[in-house]
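The values are calculated or read from the model by the stated rules, or taken from the named source; none is laboratory data. All values derive from a computational prediction rather than experimental measurement. In this analysis, Cβ positions are derived from the backbone assuming ideal geometry, glycine residues included, and neighbour counts consider all displayed protein chains. SASA here: full protein model, heavy atoms, side chains in, ligands and nucleic acids out. Shrake-Rupley method; radii C 1.70, N 1.55, O 1.52, S 1.80 Å.
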Amino acid sequence: MRSYAHGTSPIPLIGETIGENLRRTVERHADRDALVVRSQRYRATYQQLYDATSALARAFIASGIEPRDRVGIWSPNRFEWVVTQFAAARAGAILVNINPAYKSEELRYALRQSGVKLLLLAKEFRGADYVQLLREVRPDCPELDEAIVLDEGWDELVARGALVTETQLSTRESALQFDDPINIQYTSGTTGHPKGATLSHHNIVNNGFFIGETLGYTARDRVCIPVPFYHCFGMVLGNLACTTHGACMVIPGESFDAL
């Protein structure tokens, strides 16, 4: 039995999965800008973003990702992070956010504790060689079947989506419930090992939506998001606050730089 408790509000909670909510936004704002990533010269409308998430969600299914399997993302802020966020949700996978500042011991713990099956990672960030760090810990991560470096394997991964039809993706999505777990975020670990918090579609869609409501977001707004995606501030209060209102996510760089 599930129970819900909520305060008095004239606005009802959203009972949708992340994919359903994004699709509803696309129906209203298909030609509006959805995502602009300055550092990568990337720009997508809501329709283009939705199509990109469809292709990657199909690629996840083609790669053997089943509902509730863990897909890890270890990267600074890039367009691939945003596409992965929505594609994993649409495929029913649980997205595991991995802090870009992690070293080998923290990476080993997060991968093992969450049971990541497929890891997407940047090649490097701020002098840290992610590929080498992963090589050091991979023998201790038996559930990790595959790791794909975004800088080298993104296009090949997306191309796998051709093996799965839109109908197959729709069938997968139709079986998802908004109460399903969809995201694992880790605490900072300052008093011990980081603790993984498991969140549902319902959790983070409504969190993002009501933050957007509080800030008065509309489809005419463009929101600069300099904070990291791996944290709830970036992917929920940033990205989902925008997509639930049709606003544009503007990503100035891979990480914060005041200039």
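Assorted remarks:
- The label point for residue 62 and the one for residue 163, both projected 7 Å from the Cα toward the Cβ, are 0.7 nm apart.
- DSSP bridge orientation in the chain - percent antiparallel, rounded to nearest 5: 35
- Cα gyration tensor, the chain - rounded (a/c under 1.5), prolate or oblate: rounded
- The apolar share of the surface of the chain, taken as the fraction of accessible area on carbon and sulfur atoms (1.4 Å probe, ligands and nucleic acids excluded), comes to 50 percent.
- Shape category assigned to segment 69-111 from the gyration tensor of Cα positions, a/c cut at 1.5: oblate
- Selected from 217, 109, 230 as most flexible by GNM, with the chain as the system and alpha-carbon contacts under 10 Å: 109
- Crossing angle, helix 46-62 versus the chain [Cα axis fit, 0-90 degrees, rounded to tens]: 40
- Cα-based shape type of segment 2-78, given that a ≥ b ≥ c are square roots of the gyration tensor eigenvalues and the cut on a/c is 1.5: oblate
- Residue 219 paired with residue 42, simple spin-label distance in nm, labels 7 Å along Cα-to-beta-carbon: 2.4
- Segment 50-124 and segment 151-174 have Cα centres lying 14 Å from one another.
- Here the contact order of segment 167-230, divided by its residue count and restricted to Cα pairs under 8 Å and six or more residues apart, works out to 24 percent.
- The chain - percent relative contact order, Cα under 8 Å, separation 6 or more: 25
- For segment 1-94, averaging the sequence separation of C-alpha pairs within contact (under 8 Å, six or more residues apart) and dividing by the residue count gives a relative contact order of 28 percent.
- Per residue, the chain exposes an accessible area of 47 Å² to a 1.4 Å probe, with every protein chain left in place.
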